[in-house]
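Only one structure is covered here, and it is reproduced in the block below.
The values are calculated or read from the model by the stated rules, or taken from the named source; none is laboratory data. Please read all numbers here as calculations on a predicted model, not as lab measurements. Every residue, glycine among them, receives a Cβ derived from its backbone with ideal geometry; neighbour counts consider all protein chains shown.
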Ligand code: GDP
């Protein structure tokens, strides 16, 4: 909870400075207070549809029963945000037998390779045996970068040379993970957005490749999104979710933005659970996402 609070410091401070007047109200919350709230939520990047949905609920509540001051408004808002974050179904993804195959997808620069490395360490800390697959073979730097992360978390990595077919590397990695009964295989995929259909075809080929060895793989496809890109990132995410069977989101760089409200917009508009958040550049800076802790951290 403390780390989550710290991660959303900038968003919380921005929200609370804009909401100072509203949250300090000691009388019935009126329309002008709700309008202040609306603009504060928009500034924190909840986006128009999500902000409107929250405001509709609050107005509805206010019609039935007065909202008795800023403290009650704060509690209602927290409940709303938590409910939106909890709404997307979390599919059951535990495989009958190991390995569990996890793809990380997303465009370059979002923090995909860093998150792949952090996730390996996260599972190691859960006492799982982990294998990494460097399937972002277009960027030599990505392979080397991941090798450093693998070393840091003491896990083995399956790699190939730059320019090799990513599906071939993946095939080797899935075979190795199976042979060794590794609990988790984390796969860093290519994020080169040269053409939309090119990238999606590539991801589809990766899925087919994994299925040749494990029919229900990949068990999870985590889309890595950069919190600082806000509503643009949401647009980009739609391309991926339409085409590549995304099961959840990793929201990176939450530490560097006052627009952390994007997490709420993601949950509601993509109907996908946020599974992890990135809160810094170090290996331990990946937190499992907890809707209640997030809502609480944002508004307290
Ligand atoms: P990729 O191209 O998507 O694989 O992106 P990288 O993993 O290379 O990351 C791009 C940059 O973002 C690097 O400088 C990372 O250190 C940085 N980064 C990744 N995740 C986070 C995060 O959660 N917080 C912060 N502050 N920086 C991050």
task = Pull up segment 17-35, narrow it to residues that are in contact with a helix residue (DSSP H, G or I) (Cβ under 7 Å, 6 or more places away or on another chain) and loosely packed, with under 15 Cβ neighbours inside 10 Å, then point me to the one that is nearest to residue 67 (Cα to Cα).
result = 24
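Which one of these is away from the ligand (no atom under 11 Å from the Cβ), surrounded by fewer than 23 Cβ atoms within 10 Å (Cβ to Cβ) and within 21 Å of residue 108 (Cβ to Cβ): 239, 222?
Working: 222 fails: surrounded by fewer than 23 Cβ atoms within 10 Å (Cβ to Cβ).
Checking each option against the conditions leaves just 239.
Sort out which residues of segment 242-257 are surrounded by 18 or more Cβ atoms within 10 Å (Cβ to Cβ) and either out of contact with any helix residue (DSSP H, G or I) (no Cβ under 7 Å at 6 or more places or on another chain) or at pLDDT 90 or above (or both), and write them in order of number.
246, 247, 248, 249, 250, 251, 252, 253, 254, 255, 257
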key: segment 170-202, subset closer than 16 Å to residue 217 by Cβ and within 16 Å of the ligand (Cβ to nearest atom), residue modelled with the lowest pLDDT   = 189
ask   = Quick one: is residue 282 farther than 19 Å from residue 3 by Cβ and free of Cβ contacts under 8 Å to residues at least 60 places away in the same chain?
value = no
key: Test set (1) crowded, with 17+ Cβ neighbours inside 10 Å; (2) within 16 Å of the ligand (Cβ to nearest atom) - residue 272 fails condition number   = (2)
query = Within segment 68-116, which residues are within 16 Å of the ligand (Cβ to nearest atom) and assigned to a helix (DSSP H, G or I)?
reply = 112, 113, 114, 115, 116
note = The one condition residue 258 fails out of (1) under 22 Å from residue 139 (Cβ atoms); (2) not in a helix (DSSP H, G or I) is (1)
remark   = Exactly one of 132, 119 is assigned to a helix (DSSP H, G or I), buried (at least 17 other Cβ atoms within 10 Å of the Cβ), within 16 Å of the ligand (Cβ to nearest atom) and in contact (Cβ under 8 Å) with a residue 12 or more places away in the chain, and that one is 119
remark   = Filtering segment 266-279 for residues that are within 14 Å of residue 223 (Cβ to Cβ) and either assigned to a helix (DSSP H, G or I) or without any contact (Cβ under 8 Å) to a residue 12 or more places away in the chain (or both) leaves a count of 4
